[in-house]
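The values are calculated or read from the model by the stated rules, or taken from the named source; none is laboratory data. Keep in mind that what you see is a predicted model, and the values were worked out from it rather than measured. Every residue, glycine among them, receives a Cβ derived from its backbone with ideal geometry; neighbour counts consider all protein chains shown.
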Amino acid sequence: MKVICQGSELSDALAKVTRALPVKRTTPILDGVKLSAYGDTLTLFATDAELSIEKKINAEVLLEGEFVVPGKLFAEYAKKLEGETLELSVPDGKKLVIRYLDSVLNINGNSTDEYPVFKDVSKEKSFIILKKDLKDLINKIIFCVATEDTRPALKGCCLTVKDNTLEGVSSDGFRLALSKKTVKCNGIEESIVVPAKSLLELGKLMDDEEESVSVYVEKNNIMVDLFHTKLVSRLIAETYMSYEKIIQVDVQTEVSLDKKLFESAMERVSIISRGAKNGNVNFEIREDSITLGAESSDGVISEKVPASMKGKDLNTGFNSKYIVECLKTVDDEYLTFNFSSSTAPLIVRGSTPGWLHLILPLRVIN
């Protein structure tokens, strides 16, 4: 293999594909990035056997071939050579030789014999969505995925495609996030569970542009085609919980408020609540305000936030971490809080449609 490419393009490609490298070392060959030089393209590919990312860049291919090079090490060097034109060659099948200016770098590597093959997903079932919409959907739900292994499905996000709508849901058992986006369906009506890591890395690969991306789904895998970059992830083979009835609330108390004012107050109150059991923050809801209160060994705080209330007065309490994390994912100017009782979940909605967050209360305040 022998190619000439630009350091900036190589570094960018390595930054993308190395997101798929294993966090914990299990199989040594998977610590590497596979380089494939054919035609006028250099293809970089990395996988941890669950998540795979492939990136293609333009290159002058002088000798076709393939090689596996240590991913993190190669990415670190490439980042220092972004301004250079690089010659990459494998003269003996044992090392990658990188030439730039009057310098030479040798990196030991391996043949591709034992390296996995990139799996293209069938294009029979797919949908098309704007990059910015898919990125926003991920950002609105990824934060409350479960981290424990007791319920495998909750370690992923449920994506349901139906009637030109994509609905994403995540939950850790204490809270739930839902987001809906308009898509263009192509022979698909499906509900799948995608590992949180895969969606998190996908979100990092995308920008907020109006460009469309294609998403392909088959029995065990999902593939997102970002033009010169492809991400493939295995699906979680578990049925997701039924959440439809959970989010249907018989509203007895509805509160409308300024998100920025409420978020600022919550952040201050949460500093004290961190020292309390379960990070509890009391909500005292009255006709024209919500009073937030917390007490711990660090001190006592009470903050009153202007609000408009319809329905019954209410006293309840929530984990401040859950409230703060919810607020950070949305940029609506105004929020609506819906309650059915002091012991029932809080439903948070925004001034823009298409999303909601559900948070279970901690206890009732008398």
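Among the residues of region 310-323, at least one is surrounded by fewer than 19 Cβ atoms within 10 Å (Cβ to Cβ) and either within 18 Å of Trp355 (Cβ to Cβ) or in contact with a helix residue (DSSP H, G or I) (Cβ under 6 Å, 6 or more places away or on another chain) (or both). Consider region 330-341 and keep the residues that are assigned to a loop (DSSP other than H, G, I, E, B) and under 32 Å from the mean Cα position of the chain (by Cα). The one that is surrounded by the most Cβ atoms within 10 Å (Cβ to Cβ) is Val330. Do the conditions hold for Glu54, that is, is it part of a strand (DSSP E or B), crowded, with 19+ Cβ neighbours inside 10 Å, touching a Ser or Thr at 6+ places or on another chain (Cβ under 8 Å) and among the acidic types (Asp, Glu)? Considered against the rule, which asks whether it is part of a strand (DSSP E or B), crowded, with 19+ Cβ neighbours inside 10 Å, touching a Ser or Thr at 6+ places or on another chain (Cβ under 8 Å) and among the acidic types (Asp, Glu), Glu54 comes out as yes. Can you report the number of residues in region 12-51 which are out of contact with any Gly (no Cβ under 9 Å at 6 or more places or on another chain) and assigned to a loop (DSSP other than H, G, I, E, B)? Selection size over region 12-51: 11. Residues in region 57-66 that are in a strand (DSSP E or B) and more than 11 Å from Val33 (Cα to Cα): Ile57, Asn58, Glu60, Val61, Leu62, Leu63, Gly65. The condition of being touching a residue at least 12 places away in the same chain (Cβ under 8 Å), over 20 Å from Leu202 (Cβ atoms) and among the β-branched types (Val, Ile, Thr) holds for Ile29. Among residues that are assigned by TED's automatic domain parsing to the domain that holds Leu35 and crowded, with 16+ Cβ neighbours inside 10 Å, Leu134 is not included.
When Leu327, Leu356 are checked against the criterion of being in a strand (DSSP E or B) and either of a type in the set (Phe, Trp, Tyr) or closer than 21 Å to Phe174 by Cα (or both), Leu356 stands alone in meeting it.
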